[in-house]
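The values are calculated or read from the model by the stated rules, or taken from the named source; none is laboratory data. Given the structure is predicted, the values throughout are model-derived calculations rather than measurements. Virtual Cβ from ideal backbone geometry, glycine too; neighbours counted across all protein chains shown.
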Amino acid sequence: MTLLGLLLSGCADARTTLRTPENRVPLSAPVNANGERFADWLTAFRLDAMKAGIKGGTFNRALDGVTPDADVVAADQNQPEFTRPVWDYLNSALSDKRIQRGKAALIENKALLGRIEKAYGVDRHILVSVWALESNFGDFMGSQNVVRSLATLGFEGRRPDYGRTQLIAALKIIQAGDIQPEEMTGSWAGAMGQTQFIPTTYLAHAVDFDGDGKRDIWHSTADTLASTAQYLQSSGWETGGRWGYEVTMPVGFDYALADMAITKTVSEWEKLGLKRADGRRFGATDEEAKASLLLPAGYKGPAFLVLKNFRAILVYNNSTSYALAASLLADRFRDMGEIRGRWPTEERVLTRTEREELQALLMSKGYDVGKPDGVIGYNTRKAIRSFQTSVGLPPDGFATVALLEKIRGK
Ligand code: CA
């Protein structure tokens with residue numbers, strides 16, 4: 001899923017972005033960037049697949065008659081202009097309807113979740129939370145044929161190596177007899193089934209938990225939830241640990257410390273004045289745990305001290321908005337209540353064009369933003385912090401319209 005996030009737009013959370021019609025680009029060309037026709041590409045790819053252990057019969061069964069999908073190319077090339085603010089994304093991710101449905105799923109699958117917790121040591125609430133976010137409990141798995149999507153990306157996508165690697169993995173799954181090619185549905189980028197695993201993730205982490213001899217993340221709830229648990233366990237999940245806490249900071253706090261690249265123990269953060277927002281003490285077992293401070297909407301918004309299990313969720317999907325949604329949704333399933341901090345909903349997040357302008361202005365003033373690609377990544381945040389410090393603003397690294405206006409005026 002990390003790869004999937006990268007494949008999409010590189011935005012904080014690809015699922016929070018909207019498409020605009022004018023961003024749609026010319027579709028599937030008869031030849032790709034190397035001047036190959038699809039049939040020639042397929043012939044060459046067939047040799048690589050054979051070397052990787054794919055049998056001719058498997059290859060034919062999956063790829064006979066397959067043509068490139070213009071919608072996949074369009075989705076791959078789309079760079080959305082508008083991004084949803086994190087509070088809007090969380091609002092829909094944590095809807096009342098979803099919380100109720102998740103609670104019902106916890107009751108309905110109580111015995112199964114107990115067996116999965118015992119086998120993998122991953123908390124049932126987070127498993128149901130990830131299930132809800134990935135496919136709305138299996139409702140939305142994507143309806144595109146994964147073999148066709150990946151063949152298209154391998155042939156003429158922006159990252160042909162991704163398409164080829166994932167297509168070979170998909171063929172291995174078909175060859176193993178887990179699923180028929182025509183039933184292998186998913187997103188345009190190849191995220192499959194109720195867990196939205198890309199094929200390499202499936203090969204590494206999908207498990208048969210209902211014991212029918214097949215790993216089936218499309219139809220089997222047991223396989224879906226156990227595969228999710230296996231992946232989180234492999235990603236460093238600590239049994240019995242929390243994802244983190246909502247926190248408050250003291251007056252005069254140095255916001256430059258709110259950076260996922262900075263980790264301190266919970267007791268070190270306490271010495272800097274951080275407190276739990278609900279007024280309780282941090283767990284005694286958390287004192288020596290490594291934690292980072294996350295301000296998803298800058299210093300005006302809520303703050304979270306995130307622990308190792310939050311990072312395990314980031315391996316599943318490398319977006320802090322996603323990991324926060326999964327964490328908070330799990331807390332809602334436990335009736336732990338809503339967060340106390342207020343989102344700065346009066347702020348408008350920058351469009352892609354404005355983000356590019358911000359990066360250009362920062363560069364013109366001598367700040368290093370890395371590649372000026374319209375994505376507010378680590379380097380751009382660092383440059384924003386330096387600029388904020390130079391003009392006496394809290395260095396939270398959060399890009400706002402006010403910040404853009406400030407740098408335009410300087
Ligand atoms: Ca199974």
Problem set entry | Any chance Ala204 is away from the ligand (no atom under 16 Å from the Cβ), out of contact with any strand residue (DSSP E or B) (no Cβ under 7 Å at 6 or more places or on another chain) and assigned to a loop (DSSP other than H, G, I, E, B) | no
Exercise. Which condition number does Gly341 fail, the rest of (1) assigned to a loop (DSSP other than H, G, I, E, B); (2) at pLDDT below 95; (3) small (Gly, Ala, Ser) being met?
Worked result: (2)
Problem set entry | Residues of region 129-146 classified as surrounded by fewer than 24 Cβ atoms within 10 Å (Cβ to Cβ) and either without any contact (Cβ under 8 Å) to a residue 60 or more places away in the chain or not hydroxyl-bearing (Ser, Thr, Tyr) (or both), total | 12
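Can you tell me which residue is farthest from Val86 (Cα to Cα) among those in region 302-334 that are outside any helix (DSSP H, G or I) and modelled with pLDDT of 95 or more? Steps first, answer last, please.
Pass one, region 302-334, residues outside any helix (DSSP H, G or I): 302-307, 317-319, 334.
Still in the running and modelled with pLDDT of 95 or more: 302-307, 334.
Working: Pro302: 11, Ala303: 13, Phe304: 14, Leu305: 17, Val306: 17, Leu307: 20, Arg334: 22 Å.
The residue in question is Arg334.
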For this session: Exactly one condition in (1) more than 15 Å from the ligand (Cβ to nearest atom); (2) in contact (Cβ under 8 Å) with a residue 60 or more places away in the chain is not met by Ala229; state its number.
Result: (1)
For this session: State whether one or more residues within region 347-362 are β-branched (Val, Ile, Thr), out of contact with any Cys (no Cβ under 8 Å at 6 or more places or on another chain) and either more than 30 Å from Ile99 (Cβ to Cβ) or in a helix (DSSP H, G or I) (or both).
Result: yes
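May I ask you to list the residues in region 368-403 that are of a type in the set (Val, Ile, Thr) and assigned to a loop (DSSP other than H, G, I, E, B)? Show your work before the answer.
If we filter region 368-403 for residues that are of a type in the set (Val, Ile, Thr), which is where we start, we get 369, 375-376, 380, 384, 389, 391, 400-401.
If the condition is that a residue be of a type in the set (Val, Ile, Thr) and assigned to a loop (DSSP other than H, G, I, E, B), then Val369, Val375, Ile376, Val391, Thr400 are the ones that fit.
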For this session: Only one of these is in contact (Cβ under 8 Å) with a residue 12 or more places away in the chain, out of contact with any helix residue (DSSP H, G or I) (no Cβ under 7 Å at 6 or more places or on another chain) and of a type outside the set (Val, Ile, Thr): Arg408, Arg340, Arg348, Arg334. Name it.
Result: Arg340
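How many residues, within region 139-172, are of a type in the set (D, E, K, R), over 20 Å from the mean Cα position of the chain (by Cα) and at pLDDT below 95? Spell out how you get there, then give the answer.
Step one: list which residues in region 139-172 are of a type in the set (D, E, K, R), which gives 139, 148, 156, 158-159, 161, 164, 172.
Restricting the remaining residues to those that are over 20 Å from the mean Cα position of the chain (by Cα) gives 148, 156, 161, 164, 172.
If we keep only those that are at pLDDT below 95 as well, we get 156.
Summing the residues that are of a type in the set (D, E, K, R), over 20 Å from the mean Cα position of the chain (by Cα) and at pLDDT below 95 in region 139-172 gives 1.
Out of all the residues in region 216-226, is one or more under 18 Å from the mean Cα position of the chain (by Cα), more than 9 Å from the ligand (Cβ to nearest atom) and farther than 15 Å from Ala169 by Cβ? Walk me through it before giving the result.
First pass over region 216-226, keeping only residues under 18 Å from the mean Cα position of the chain (by Cα): 224-225.
Filter once more, keeping what is more than 9 Å from the ligand (Cβ to nearest atom): 224-225.
When the remaining residues are screened for being farther than 15 Å from Ala169 by Cβ, the result is 224-225.
Scanning region 216-226 turns up at least one residue that is under 18 Å from the mean Cα position of the chain (by Cα), more than 9 Å from the ligand (Cβ to nearest atom) and farther than 15 Å from Ala169 by Cβ.
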